[in-house]
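S.K.: Would you mind keeping the following structure in view while I ask a few things?
Only the coordinates and a few stated rules stand behind these numbers; no lab work does. Treat the numbers as computed from the prediction; the structure is a model and nothing was measured. Neighbour counts are summed over all protein chains in view; Cβ atoms, including those assigned to glycine, are modelled from backbone coordinates with ideal geometry.
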Amino acid sequence: MAETSNNQASKDNVLDLKDVEKSFGSNRVLQGVNLSISAGEVVVLMGANGAGKSTLVKIIAGVHNADSGSLTLDGEPFMPATPADALRAGVCIVHQAINDCVAPDLSVAQNLLLDRLCNGETGLFFGRGRAAREARKIAGALDLELDMNKPVRELDLADRQLVGISRALAQNPKLLILDEPTSSLSQREAERLFGIIDRLRQSGVAILYISHRMSDIRRLADRIIALRDGRITGVFEKPLNYEAAVNAMLGHGMEVSKKIAVTRGAKIFDARDVVLKTGCEPFSFSLSGGEIVAITGLVGTGKSELAECLFGLRQPPAGTFLLDGKPYQPLNNRDAVGQGVFMAAKDRANSSMIPGFDISQNLTLPFLPDFTALGTVLRRKERNKAKEMIDWLGVVCQSDQDMLNALSGGNQQKVVIGRWLSKACRLLVLDEPFQGVDIRARGDIGNKLRETAGDRATLLMTAELDEALEVSDRILVMSNHTIVGEHRTDSVDMDLLLSQISGAVVSPNAAAGHFGKDGIQ
Amino acid sequence: AQDKPAPFDNPGDVKIALVRYLSTGDFFQAYLSGVERQAEALGVDLRVFDSRQDAALQADMVDQAIALGVDGIVVQHGLTESMTEAVQRAVDAGIKVVAFDVNVENDAVPQIEQSDQLLAQLALEQAIKDNGDSFTAGYVYVPGIAPLDRRDEKWREFKDKYPGINEVAQFGTLDNPIANSVANQASAVLRANPTINVMFAPYDEFAKGVKIAVDEAGLNNDIKIYSADVSSADIQAMREDASAWVATAATNPAVVGEVSVRALAMLLAGEEPGQSVIVPPTLITRDMLMDLDIQNMEQLSAKLPQFAHADVAVPAWMPLPER
Amino acid sequence: MRNFAIRYGFLLLLLAIIVFFTIMEPAFMSLRSMVFVFQSVSITAILALGVTATLVVGGFDLSIGSVAASSMMAASYAMVIWGAGSVEAVALCLALGLAVGFFNGVLVVYARVPDLLATLGTMFLLLGLQLIPTAGRSIAKGMMLPDGSTAEGSFDPGFLFLGRHRLYDILPVSVLIMLVLALVIWFFLEFTRWGRVMYAIGSNELASRLAGAPVNRYKIAAYMISGFCASIGGILLAARVGRGDVSSGNNLLLDSVAAALIGFAVLGAAKPNAFGTLVGAIFVGVLLQGMTMMNAPYYTQDFVKGAVLVIALVFTFSLTKAARN
Amino acid sequence: MRNFAIRYGFLLLLLAIIVFFTIMEPAFMSLRSMVFVFQSVSITAILALGVTATLVVGGFDLSIGSVAASSMMAASYAMVIWGAGSVEAVALCLALGLAVGFFNGVLVVYARVPDLLATLGTMFLLLGLQLIPTAGRSIAKGMMLPDGSTAEGSFDPGFLFLGRHRLYDILPVSVLIMLVLALVIWFFLEFTRWGRVMYAIGSNELASRLAGAPVNRYKIAAYMISGFCASIGGILLAARVGRGDVSSGNNLLLDSVAAALIGFAVLGAAKPNAFGTLVGAIFVGVLLQGMTMMNAPYYTQDFVKGAVLVIALVFTFSLTKAARN
Ligand SMILES: Nc1ncnc2c1ncn2[C@@H]1O[C@H](COP(=O)(O)OP(=O)(O)OP(=O)(O)O)[C@@H](O)[C@H]1O
Ligand SMILES: Nc1ncnc2c1ncn2[C@@H]1O[C@H](COP(=O)(O)OP(=O)(O)OP(=O)(O)O)[C@@H](O)[C@H]1O
Ligand SMILES: [Mg+2]
Ligand SMILES: [Mg+2]
């Protein structure tokens, strides 16, 4: 099946890869990869974390050089030595690492114009007025409503990702490659992106799309290519068989993750009349031991702010928290940890990863005192713990001494989450924990959360409804900095849920009343 | 060679060391060349240790020279406190030592001096001669530098002696390039004190800086600069049209270098150069330079014999460098 | 209000200092006097503009002081010993500055030596190198050469003109050069796409590379701009002093770094910028000239320079960042 | 093979240089001579260890040279003018170093002044401050005070012991202090959890904060370590020189920064590390000592120092990074 598509006449193919190989040291990341994309087609590349997707993209982008094999673009040999070469040839890429898409100290406008500045399309002189107009045009494609003069440093992760995407879309590419472009977007932004992808497809752009979100894949794919351990393990044409594609990518069927029954314990955490942002409605909720509660909602509705309040990083304008019945008012994040509240922050590159450290050092960082005697780090104990966690989480790596930035994105995320799972706590807050994590690993992490749920409360912030449905027992919907709905995962009214998320049902009084009655406890 | 006393009958076996505290600059370069020339004339083996203004290192270098088995050491500048003990160790090891411009508090060590007091005195006497005993003065000085401190003593003495000398400004800096930094300061001083008519800058880098500022302010006919030390570059600056830099007092650093080695050689030969060997300074005025058409240090030496050679520490057997 | 303090606080401080000095010493406030202040900082400012260019691309150049010192020696050597004219001497110095900048850039970009380290190495190299041709002597007309002959050449009047002439009897050439350079670099950094790309590289090198910027070339260019500015500084130094003085240029380095860094605080930029650098240099110049006029000993000048610097910066930075949170 | 070159290249280079010098001048390879090399770099190395601590947390300390100089002046002042004993003098210096470090840390952490800028300001402050009590004069036994009287005190023999005594007639106390400090800081940075957290902060400050590290306290502590080391350097300087000399300590800053940065290249660490810093300092010491023995003029020493530095670093860094890609 895989062969048929590759043997097709390559003349209408925009991109052809033949026998591409790539190793990092002794790690053979890509082995004999053949792949072609034709004009007006969206090819989805599926693969588990560490399969080699981003590496493949980086070869096409001129970031890495292939060890062997050949690339052709529009029938011409294509050997980009630098990203500039690839761009000149009409290959545009949105890289997976959001930090690689923006220059944080420059303004939004300048970031949107970055490619043009680099390739000289703006002309030598950079007039601010004209620049702002052009930037606004670029932002218009995705309906970005951002202050053009704000430094990107001050933007939310999602907005940064949107800036990066807008930049790439504005370039009239021949080939567009999107490496997990929706990893920090919610449904609304993603939908806008899909609309544009549809338009580009119609105008004959070849598109390579990488994602772990089945909803994206269902929405976009014309063809699916599965990559496993650096080899192509399946090419699927329309009508698409998603289950087979997942099997090809994982190498086995997806065990239907049977949810371990909730053993709901005693009430652990209470939030009472919390006002997250002055002027927004107060809300209350409570969490019990053993259960996993997801808070979902659009980007920018205040999920991260709530998480930060719980972790002592900011103070809510009003409201009280109770932990085990006692008032909980953390002074800072250290105090929160001391009281048994852990949080894995979103935006792992900025707020979690220590790039200069290896996996084991990253894993033990918050609980280092547990691995020391008289202040001296017990390296063996630390590494044993790390090995245990690596096995348990299924991190794809050479050893526990790999540098964290040599891991694939999803595996980095596992390490970062694993850090906070290595010790028991009262309340675990996870902000966008599945960013870039593949389906199976998501299931695995979900199961781990469940296994360890014990008598801890687990709160999950996610903009992705699928994730919430898959992992949690209960879903709280957040809109405009307040909670507007609650659902039990086993009996969800999808229509109501979706309308609450989109903010269509804004009846805060009703919502408050709703929670007042049976939302709590 | 036959009539030279031991050990100079076999000079190839004699090893001497020059241990320096300061090395960057014309003065030190010229001093070194004098040491080298005299050592060559004697035929001895010379080693140079540069501590580059690291007093502790300089003391260690004396020990190193001891370990190297030298017969004699010339100590050039340094701090009394750090050198006294090191020099004592050398003396105890039977090594002959002379010291230039540093007091090592040791009776066995002759002091070579260029007499900073005399330098300052010559320049100041010339200033009194040119301007009378009352004038408005600017003074360039940075405390903490031994030769400058000694020149400063003379300046204070003169101020006490001639109450008509009115010092309205004192400034100075050792920020490099020194001439440039001093020029910046001097230009501010000249604006704040337009009445200054004499500048006493007892170090040639200071004088050069003051001269730049004076030229830039267009005051070169109204102000006279008196300084100490000299180099080819200084001679050129003094010779410029209507130069404000009218006099400097100097010893020839090369001569001081030669004298240092000769004094050491006398010690090695068992003779006594005297506890203090003073190389007398010479007053050099702009008029002299113009009248004798002196362009550089070599011509200065040629035309002012007292500058070219100091008749100190010259026993009959002593070979002198060619001139 | 706070925004106002951030933007104009530093300039107001400068103004306050000027007013203070004028009250204490009326001679301070005259056109001539201001011209002298500018002249006293012109060389520092020119070097600082070069450092600014390297700071913009996220680098640093510790070699500027020694490039200026070497360029001073090179100009003197060319004229006094080879008998070159002023054009050749200037060309030689600029070529030297560009070459050193290129060397630094290559070290940083291709050999991937961290910038501080690479330029520190270059600094030591040049410190030694500049002394080798003359065996440590400074260069002046009529000097004796190591081979015993006398140097024939002398400083070209056209060359000295650069350091000594005043246009319309008031504006020194060096000040003019400083102002023109500041204007050019300011315009270049703020209003050309090259300047924007340089800021982008300084902010996120990888992102800029992925956006297609030839990062290596830009970084090398930044070091070459720095070397170029430093060699201009050296030329002006030689022209002002009129001889090739042996000097390490270390104080030039520190003062220009100070100026470039103070520039961060000007107009609340919080990043390297040419206008700020110029203001920073002038700020230091005003302080030093004012204190010298008031007969303050040199060591109090360092102290006051440090104190004002610290106070101004604490003020600006704590406000800037506070407003961000 | 390449990995071997990265790890041991620098050490092999050091060995090669030692062998070369030993062949040229057999006296080079003796215990005395090696002790001398260690002694000549001891103060530089101690300061460099302090810089290393600030580099580890992602900072930089330009004030170390002036802290050492101020501490030398403070010790001298205490003993010569106040007549204090050696214990008081040492305590005063250490307190001064810690206080300056604290001040730097507060500037960087709370006032959010960029580290280069904050420590540059402190540097200028101290350069001036140290000269004010004596109006710029050096402090020596029997000196004349500004009020016209003569200083009564003198350097305590116990204090001078620190700089001048040799244990078993061979090992100078200053070398011992350097080795002990290097060992302590190396152990601290590599093997304790505090050192680990410092490296984490240097690598990603926000992530470290979110993982529970009290980042501000650690950063201040790093500057205090730096100030502490610098003040020890100043004490040893005072003890070796035996007076509060205003011009000593000029080159300490650049030499110790060089040592700390060369340390990046040792054992392929590519990050600040105490062992590398010590090796870096010794490397420079060996070079200078060997060249002095070979009678090379002082200016060629700078040149060779620069050249070897550049070559060694190009070699190490281009290899290190190439292996990463
Ligand atoms: N710079 C690098 N150095 C060494 N190994 C690397 C490097 N980049 C990636 N790898 C390794 O290559 C393999 C593939 O990584 P890649 O990033 O391509 O995976 P991916 O398919 O994009 O995974 P994810 O879905 O998690 O993003 C991983 O095992 C990773 O550890
Ligand atoms: N430090 C800040 N400065 C300015 N605005 C902020 C800051 N932090 C958050 N915001 C704004 O507050 C709003 C809520 O942000 P928050 O990150 O809590 O939303 P979210 O629902 O968690 O979104 P996401 O899905 O992106 O995590 C957004 O509009 C965001 O831009
Ligand atoms: Mg990836
Ligand atoms: Mg969020």
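S.K.: Give the span of segment A:106-171's Cα atoms along each principal axis, as three whole-Å numbers ordered largest to smallest.
M.R.: Taking the Cα atoms of segment A:106-171, the three principal extents are 31, 21, 17 Å.
S.K.: For B:VAL168 and B:ASP130, what is the calculated FRET efficiency with R₀ set at 22 Å and r taken between the beta-carbons, to the nearest 0.05?
M.R.: 0.75
S.K.: Another question, then. Under 16 Å from the 7 Å Cα→Cβ point of A:VAL492, by amide nitrogen: which residues of segment A:167-199?
M.R.: Only A:186-188 fall inside the zone, counting backbone N under 16 Å.
S.K.: What order do you get for B:100-113, C:53-66, A:386-399 when each peptide is scored by the mean count of other beta carbon atoms within 10 Å, highest first?
M.R.: Highest-to-lowest ranking by the protection proxy: C:53-66, B:100-113, A:386-399.
S.K.: Angle between the Cα long axis of helix B:146-161 and the longest principal axis of chain B, 0 to 90 degrees, nearest 10?
M.R.: 50 degrees
S.K.: May I pose another question? Is the shape of segment D:1-139 best called rounded, prolate or oblate, per the rule: a/c under 1.5 gives rounded, else a/b larger than b/c gives prolate, else oblate, with a ≥ b ≥ c the square roots of the Cα gyration tensor eigenvalues?
M.R.: Cα axes put segment D:1-139 in the oblate bin.
S.K.: Sticking with the crude label model, points 7 Å out along Cα→Cβ, report the distance from B:ASP311 to B:ASP107 in nm, one decimal please.
M.R.: Rounded to a tenth, the inter-label distance reads 3.1 nm.
S.K.: Something else about it: Stokes-Einstein D for chain B at 37 °C, 0.692 mPa s, Kirkwood Rh over Cα pairs, in µm²/s?
M.R.: Taking Rh from Cα pairs, D becomes 160 µm²/s.
S.K.: Find the all-direction average of the projected area of the Cα convex hull for chain A, expressing the result in square nanometres with one decimal place.
M.R.: Computing the convex hull of the Cα atoms and averaging its projections yields 25.2 nm².
S.K.: Pairs of alpha-carbon atoms within less than 8 angstrom and 6+ residues apart define the contacts here; what relative contact order does chain D have, in percent?
M.R.: 34 percent
S.K.: Which of the lysines could a cross-linker span from A:LYS303 if the Cα-Cα distance has to be under 17 Å and same-chain partners fewer than 8 positions apart are dropped?
M.R.: A:LYS277, A:LYS346
S.K.: On to the next question. By how many degrees, 0 to 90 and rounded to 10, does the Cα axis of helix A:157-169 deviate from the longest principal axis of chain A?
M.R.: 10 degrees
S.K.: Under 8 Å for C-alpha pairs, at least 6 residues apart: give me the relative contact order for segment A:106-171, rounded to a whole percent.
M.R.: 51 percent
S.K.: Return the ratio Rg/(2.2 N^0.38 Å) for segment D:2-324, where Rg is computed over Cα atoms only.
M.R.: Against the empirical 2.2 N^0.38 Å value, I get 1.03 for segment D:2-324.
S.K.: Hey, another quick one. When all C-alpha to C-alpha distances in segment A:352-424 are sorted into bins of 10 Å, what percent of pairs does each bin hold, rounded to whole numbers?
M.R.: 22, 59, 18, 1
S.K.: Just to confirm the number: angle between the C-alpha axis of helix A:187-202 and the first principal axis of chain A, 0 to 90 degrees, nearest 10?
M.R.: 10 degrees
S.K.: Sort A:CYS425, A:CYS118 so the one with the fewest other Cβ atoms within 10 Å of its own Cβ comes first.
M.R.: Exposure proxy ranking, most exposed first: A:CYS425, A:CYS118.
S.K.: How far apart, in nm, are the 7 Å Cα→Cβ label points at A:GLU237 and A:PHE125?
M.R.: Taking the two extended label points, one gets 5.6 nm.
S.K.: Still on this structure, I have one more. Looking at this model, which pairs from A:LYS53/A:LYS150; A:LYS326/A:LYS387; C:LYS271/D:LYS219; A:LYS22/C:LYS219; A:LYS150/C:LYS305 are more than 27 angstrom apart at the alpha-carbon?
M.R.: Correct reply: A:LYS53/A:LYS150; A:LYS326/A:LYS387; A:LYS22/C:LYS219; A:LYS150/C:LYS305.
S.K.: What distance in nm separates the two pseudo spin-label positions at A:ASP198 and A:SER23, each 7 Å out from Cα along the beta-carbon direction?
M.R.: The modelled label-to-label distance comes out at 4.7 nm.
S.K.: Per DSSP H run of at least 4 residues, take -39500 (n - 2.57); add these up for chain D, divide by its residues and hand me the 222 nm value, nearest 500 deg cm²/dmol.
M.R.: Per the formula, -24000 deg cm²/dmol.
S.K.: What length, rounded to one decimal in nm, is gained on full extension from B:ASP45 through to B:ASP241, with 0.36 nm per residue of separation minus their alpha-carbon distance?
M.R.: Once the chain is fully extended between B:ASP45 and B:ASP241, it gains 66.0 nm.
S.K.: Determine the gain in length on full extension of the stretch A:ARG379-A:MET214; use 0.36 nm per residue of separation and subtract their C-alpha separation, reporting nm with one decimal.
M.R.: So the chain would gain 55.3 nm between A:ARG379 and A:MET214.
S.K.: Then there is this: What is the packing order of peptides A:458-465, C:105-112, D:294-301, taking the mean over residues of other C-beta atoms within 10 Å and listing the highest first?
M.R.: Going by the mean number of other Cβ atoms within 10 Å, highest first, we get A:458-465, C:105-112, D:294-301.
S.K.: Rounded to the nearest Å, what's the spacing between the alpha carbon centres of segment C:70-146 and segment A:363-387? Just the number, please.
M.R.: 53 Å
S.K.: Just check segment A:277-326 against the gyration tensor rule for me: Cα atoms, a ≥ b ≥ c as the square roots of the eigenvalues, rounded for a/c under 1.5, and otherwise prolate or oblate depending on whether a/b exceeds b/c.
M.R.: oblate
S.K.: Any chance you could list P(r) for the protein assembly as shown, counting all Cα-Cα pairs in 20 angstrom bins from zero, rounded to whole %?
M.R.: Result, from short to long distances: 9, 33, 32, 18, 8, 1, 0 percent.
S.K.: Moving to a separate point now. Identify all lysines with a Cα-Cα distance to B:LYS129 below 19 Å; exclude those on the same chain that are fewer than 8 residues away in sequence.
M.R.: Cα-Cα hits under 19 Å: B:LYS154, B:LYS159, B:LYS161, B:LYS224.
S.K.: Ok, one more. Taking only Cα atoms of segment C:217-274, what ratio of Rg to Rh do you get with Rh as the Kirkwood inverse-distance radius?
M.R.: On the Cα set of segment C:217-274, Rg over Rh gives 1.06.
S.K.: Given H placed on each backbone N at 1.01 Å, which residues far from A:SER479 in sequence or on other chains put an amide H within less than 5 Å of it?
M.R.: Those lying under 5 Å, H to H, from A:SER479 are A:VAL484.
S.K.: Something else about it: Efficiency by 1/(1 + (r/R0)^6): what FRET value for B:ASN193 and C:MET144, r their Cβ-Cβ distance, R0 = 35 Å, to the nearest 0.05?
M.R.: Efficiency, rounded to the nearest 0.05: 0.35.
S.K.: Could I ask something else about it? Go ahead and run the numbers for FRET between A:ASP324 and C:ARG217, Cβ-Cβ distance against an R0 of 60 Å, rounding to 0.05.
M.R.: Working from the Cβ atoms, E equals 0.50.
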